[in-house]
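**Q** Can you read through this structure? Questions will come right after.
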Amino acid sequence: MLKLAGIRRKVSEISGSASLAQLNFSSEARTFAKLTNVKEIASRGPITSDHLIRTKPVPAIIDPENPQQSLDDFSSAYKAYFERHTNGEQKCLDSAPRWAVWPGHGTISFGANLTESAIVSDIAEHTVKAIQLAENLTAEGSSGGWQPVSEKHLFEAEYWELQQAKLKSENDNQGAQKTIPEFQGKIAIVSGAASGIGLACARELFAQGAVVVGLDLNPEISTIFCDSGMLGLQCDVTDQKAVIEAVAETVRQFGGIDILVLNAGTFPAGQTIEEMDEQTWSRSLEINLTAPQQLLQACVPFLKEGLDPAVVFMASRNVPAPGAGASAYSVPKAGQTQLARIAALELGKFGIRVNILHPDCVYDTGLWTPEALERSAKRYGLTVEQYKSRNILKIDVKTKEVASMVCAMSGAVFAKTTGAQIPIDGGSERVI
């Protein structure tokens, strides 16, 4: 899967914008990709001119030993093809492939969004079948076979004004040319995504153009993430094997990882250090510290191949301003913060930004049940209403507002920031 992420990165670099890379590893696609003459028959041309404007004249043929070079070669060949046939009035399209044959693995379809890559995937699937049917005619003694039109005719069809106008019209209708969402073509993973802050983050990233994979122990995650471009995977983030499998599935589905939001956590009942039971302490450490470390570790190789990659740790206001009776929660969150700081130091040389968010007073989540509010208020000797309005601005912070901050930290606003700790707590005298 790491090679797939590298292929996606290279295609995105050539095209000049983020692309998804969807691997078709069906038995049909793998069989086609294993043909000894696949490079020769796959490079003869598309089925129709309508396909041509979606797929370019030919796919890239990935060299298993040097995928990057094979994509550079495709780009150079496309530019040379353009120069051979242009009348000087056309503008060369980007030289990135729209699909590729990956020998031994299957076919890959590229697109700026899921709609584009799905269309290309469908065309590639039909093309693969048509090529093999035509070649079988030759094998059976017929004069058939997969016969292309001339390269000049391919160029004329691809750069025919009416064909290009058709694509432009479709893009305009979809609004793609008017406002390109910031995270279009980007791939995000959010842990603890079935509810609360995690769900809000997933929805906001999706609204801003990303495809989002949500991980959660809740089996309903797959139905909660029901929109095309949102994939919910049931995953116990304390299970290292399950985490590795979820990360692999993300890359298999979309081609890589660009954004990681480490949100999954638990808020144990308040206990003093003296009365702390071993199970509460161990379980909180496992979920709030070890789990994010394992997920980050599994994602790092793919983040290295990501596009403007960013990691956001969901820590807590309890880190800079801990409270009595909350050691089981505050200690692993402090450890998580230190983990994030070290990750920022280690991963910066790969262009991976790692930042930390310290939320507090986010009451529109399932975490803050009436019982939890009562318990926390009691620890501070306050009523529930006093507890809820104890920040400087006397306001509630909503999950959507936390999600907006996560998007800002994942995007261009924080493009030159790493290792930062950002409070979103309405203002705390103890933090300030």
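The values are calculated or read from the model by the stated rules, or taken from the named source; none is laboratory data. These numbers come from a predicted model, not from an experiment. Backbone-built Cβ (ideal geometry, glycine too); neighbour counts: all protein chains shown.
**Q** Of the residues Asp277, Asp236, Asp258, Asp216, which is within 23 Å of Ala334 (Cβ to Cβ), among the charged types (D, E, K, R) and not assigned by TED's automatic domain parsing to the domain that holds Leu20?
**A** Asp277
**Q** Now, a different point. Taking segment 234-248 on its own, how many of its residues are surrounded by fewer than 21 Cβ atoms within 10 Å (Cβ to Cβ) and closer than 18 Å to Leu205 by Cβ? Give the steps one after another, and end with the answer.
**A** Within segment 234-248, the first condition is being surrounded by fewer than 21 Cβ atoms within 10 Å (Cβ to Cβ), and the residues that meet it are 234, 236, 238-242, 244-245, 248.
Going one step further and asking which of them are closer than 18 Å to Leu205 by Cβ, we end up with none.
Number of matching residues: 0.
**Q** Related question: Could you count how many residues in segment 227-260 are closer than 16 Å to Gly209 by Cα and not charged (D, E, K, R)?
**A** Pass one, segment 227-260, residues closer than 16 Å to Gly209 by Cα: 227-231, 254-260.
Going one step further and asking which of them are not charged (D, E, K, R), we end up with 228-231, 254-257, 259-260.
Count: 10.
**Q** Answer yes if at least one residue in segment 334-352 is among the aromatic types (Phe, Trp, Tyr) and under 18 Å from Ala269 (Cβ atoms), and no otherwise. Please lay out each step first, then the result.
**A** Step one: of segment 334-352, the residues among the aromatic types (Phe, Trp, Tyr) are 350.
Narrowing further to those that are under 18 Å from Ala269 (Cβ atoms): none.
No.
**Q** Still on this model: So Met409 clears everything in (1) under 36 Å from the mean Cα position of the chain (by Cα); (2) closer than 23 Å to Thr337 by Cβ; (3) surrounded by fewer than 18 Cβ atoms within 10 Å (Cβ to Cβ) except one condition, right? Which one?
**A** Exception for Met409: condition (3).
**Q** Restricting to segment 420-432, and then to whatever is of a type outside the set (S, T, N, Q), touching a helix residue (DSSP H, G or I) at 6+ places or on another chain (Cβ under 8 Å) and buried (at least 16 other Cβ atoms within 10 Å of the Cβ), can you tell me which residue is nearest to Ala200 (Cα to Cα)? I'd like the intermediate steps shown before the answer.
**A** Step one: filter segment 420-432 for residues of a type outside the set (S, T, N, Q), giving 420, 422-427, 429-432.
After this cut, where a residue has to be touching a helix residue (DSSP H, G or I) at 6+ places or on another chain (Cβ under 8 Å) as well, the list is 420, 422, 424.
From what is left, the residues that are buried (at least 16 other Cβ atoms within 10 Å of the Cβ) are 422, 424.
On the way: Ile422: 18, Ile424: 15 Å.
In this case the residue turns out to be Ile424.
**Q** I'm checking my understanding of the structure. Among residues of segment 9-32 that are over 14 Å from Ser121 (Cβ atoms) and touching a strand residue (DSSP E or B) at 6+ places or on another chain (Cβ under 6 Å), which one is modelled with the highest pLDDT? Please lay out each step first, then the result.
**A** Of segment 9-32, the ones over 14 Å from Ser121 (Cβ atoms) are 9-18, 27, 30-31.
Narrowing the set further to residues that are touching a strand residue (DSSP E or B) at 6+ places or on another chain (Cβ under 6 Å) leaves 11, 30.
Working: Val11: 98, Arg30: 94.
In this case the residue turns out to be Val11.
**Q** I'm told Pro97 meets every condition in (1) in contact with a helix residue (DSSP H, G or I) (Cβ under 6 Å, 6 or more places away or on another chain); (2) part of a loop (DSSP other than H, G, I, E, B); (3) farther than 21 Å from Pro148 by Cα except one. Can you identify the failing condition by its number?
**A** Answer for Pro97: the failing condition is (3).
**Q** Scan segment 228-249 residue by residue and report those that are part of a helix (DSSP H, G or I), over 14 Å from the mean Cα position of the chain (by Cα) and touching a residue at least 40 places away in the same chain (Cβ under 8 Å). Step through it out loud before you land on a result.
**A** Looking only at segment 228-249, we keep the residues that are part of a helix (DSSP H, G or I), and these are 240-249.
When the remaining residues are screened for being over 14 Å from the mean Cα position of the chain (by Cα), the result is 240-245.
Listed by number, the residues that qualify are Gln240, Val243, Ile244.
**Q** For the structure I just gave you, tell me whether Lys394 is more than 18 Å from the chain's Cα centre (by Cα), surrounded by 16 or more Cβ atoms within 10 Å (Cβ to Cβ) and at pLDDT below 95.
**A** On the way: more than 18 Å from the chain's Cα centre (by Cα): yes; surrounded by 16 or more Cβ atoms within 10 Å (Cβ to Cβ): no; at pLDDT below 95: yes.
Taking the combined requirement at face value, the residue does not satisfy it.
**Q** Taking segment 1-23 on its own, how many of its residues are more than 15 Å from the chain's Cα centre (by Cα) and outside any helix (DSSP H, G or I)?
**A** 1
**Q** Within the bounds of segment 137-147, is there any residue that is within 24 Å of Ser228 (Cβ to Cβ), modelled with pLDDT under 95, of a type in the set (S, T, N, Q) and surrounded by 13 or more Cβ atoms within 10 Å (Cβ to Cβ)? Reasoning before the result, please.
**A** Filtering segment 137-147 for residues within 24 Å of Ser228 (Cβ to Cβ) gives none.
No, segment 137-147 contains no residue that is within 24 Å of Ser228 (Cβ to Cβ), modelled with pLDDT under 95, of a type in the set (S, T, N, Q) and surrounded by 13 or more Cβ atoms within 10 Å (Cβ to Cβ).
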